[in-house]
Amino acid sequence: MDPILVPKPEGLFCPAGGFFIDPVRPVARALVTHGHADHARAGHGAVMATAQTLDIMALRYGAEFTQSRQPYDGPVRIGDVTVSFHPAGHVLGSAQIAVTGAQGRIVVSGDYSRVPNPACAPFEPVPCDIFVTEATFGLPVFRHPDPLGEIAKLLASVRAQPDRAHLIGAYALGKAQRIIMLLRQAGYDGPIHIHGALQKLCDYHMAQGVALGDLRPATLERGRKPDFAGAIVLAPPSAFAATWAQRFPDPVICFASGWMQVRARARQRGVELPLVISDHVDWPDLTRTITELDPAQVWVTHGREDAVMRWCSLNGRAAHPLRLIGYEDEAE
């Protein structure tokens, strides 16, 4: 009997359904877990995803990113399997994909998080025979702190240095909006300035009911350099290498990522204030999830597979590394 999913160069393929999940190359039919660029790519013949993920793909790639959009609207039979989507707690629209056939059920988690995120529904544990997990932070050393504690450090720095602007590197989908929401949750109700590359996705979040508060463009056309003293500015990390960052008064360079737990990475990026905030599971939440689901097998797509394999072995669990190519470490 054929397995429900098999790894191929394009991605995970379902022979009984004739589709790929999060393919990294153009295919006839793709099922997509969420809108980050390493999971959601343009050029597929048909794409099934949550309505929000389809909207996000259209915002990023244009309305013609696929020939056929297929919004997920409940469990659906595709060929000889049944497919259902379940919240992943990662970013707006993110979902796990469960594929159920005669051989059992496989759940492909995509990227996921167990930490509450008001921009999306919380991770839903889905009983399964095989759980497919990422391992971006799949080492025991990765234990992410309370994100509100990281925001408290940021606000303390803003108060202590009122003549400087704080520039926060944050990826456009998910992380930028998460930082803004955490700031609002911490009681910061002042204007937050955003780079133009974040505007469309921030607008979309607000249109979906995610309250982001007073957002203003981080452009000199709307203000003089001294006007940004004490300001909080969000931008894609790539913007810091350009002259764009020089428009702000003595900027404090910050970066929000789970990788900021690694001091060497912060130094390499010239980060003065690292913020350890991630939308991926850390080691305790990864192993807790496997323990809770108790699947017969664990498959690891990418990341620190060896440590997860070792943990599974020590805990009497069958595990298999897929080593899929094309997924980034933390495309948050």
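Here are the numbers:
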item	result
Cβ-derived FRET efficiency at R0 56 Å, ASP2 paired with LYS225, nearest 0.05	0.35
Per residue value of the accessible surface for the chain (all protein chains in place, 1.4 Å probe), Å²	41
Portion, in percent, of the accessible area of the stretch 1-134 that falls on carbon or sulfur, probe 1.4 Å	54
Packing-based ranking, highest mean first, of 141-148, 21-28, 273-280 given that Cβ atoms within 10 Å are counted	273-280, 21-28, 141-148
Cα-based Rg of the stretch 181-228 normalised by 2.2 N^0.38 Å, two decimals	1.22
Portion, in percent, of the accessible area of the stretch 249-328 that falls on carbon or sulfur, probe 1.4 Å	46
Computed [θ] at 222 nm, helices only, for the chain once each DSSP H run of length n ≥ 4 contributes -39500 (n - 2.57)	-6500 deg cm²/dmol
Listed residue (SER157, GLN96, ILE56) projecting farthest to the positive dipole end of the chain, Cβ model	SER157
Mean Cβ count within 10 Å, highest first, over the residues of peptides 210-219, 163-172	163-172, 210-219
Radius 13 Å from Cβ of ALA245, net charge of other residues (Lys, Arg +1; Asp, Glu -1)	+2
Positive-pole candidate from PRO7, PRO87, ALA307, dipole of the chain, charges at beta carbon	ALA307
Simple Cβ-charge dipole of the stretch 186-332, Lys/Arg +1 and Asp/Glu -1, about Cα centre, in debye nearest 20	460
Segments 54-62, 67-75 sorted - mean Cβ within 10 Å per residue, highest first	54-62, 67-75
Nearest 10 degrees, 0 to 90: helix 175-185 Cα axis against the chain principal axis	60
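The values are calculated or read from the model by the stated rules, or taken from the named source; none is laboratory data. Values in this document were obtained by computation on a predicted structure and should not be read as measured data. Positions of Cβ are backbone-derived with ideal geometry, glycine not excepted, and every protein chain shown enters the neighbour counts. For the accessible areas, the whole protein counts, side chains as well, though only heavy atoms, and no ligand, DNA or RNA atoms are used. Shrake-Rupley method; radii C 1.70, N 1.55, O 1.52, S 1.80 Å.
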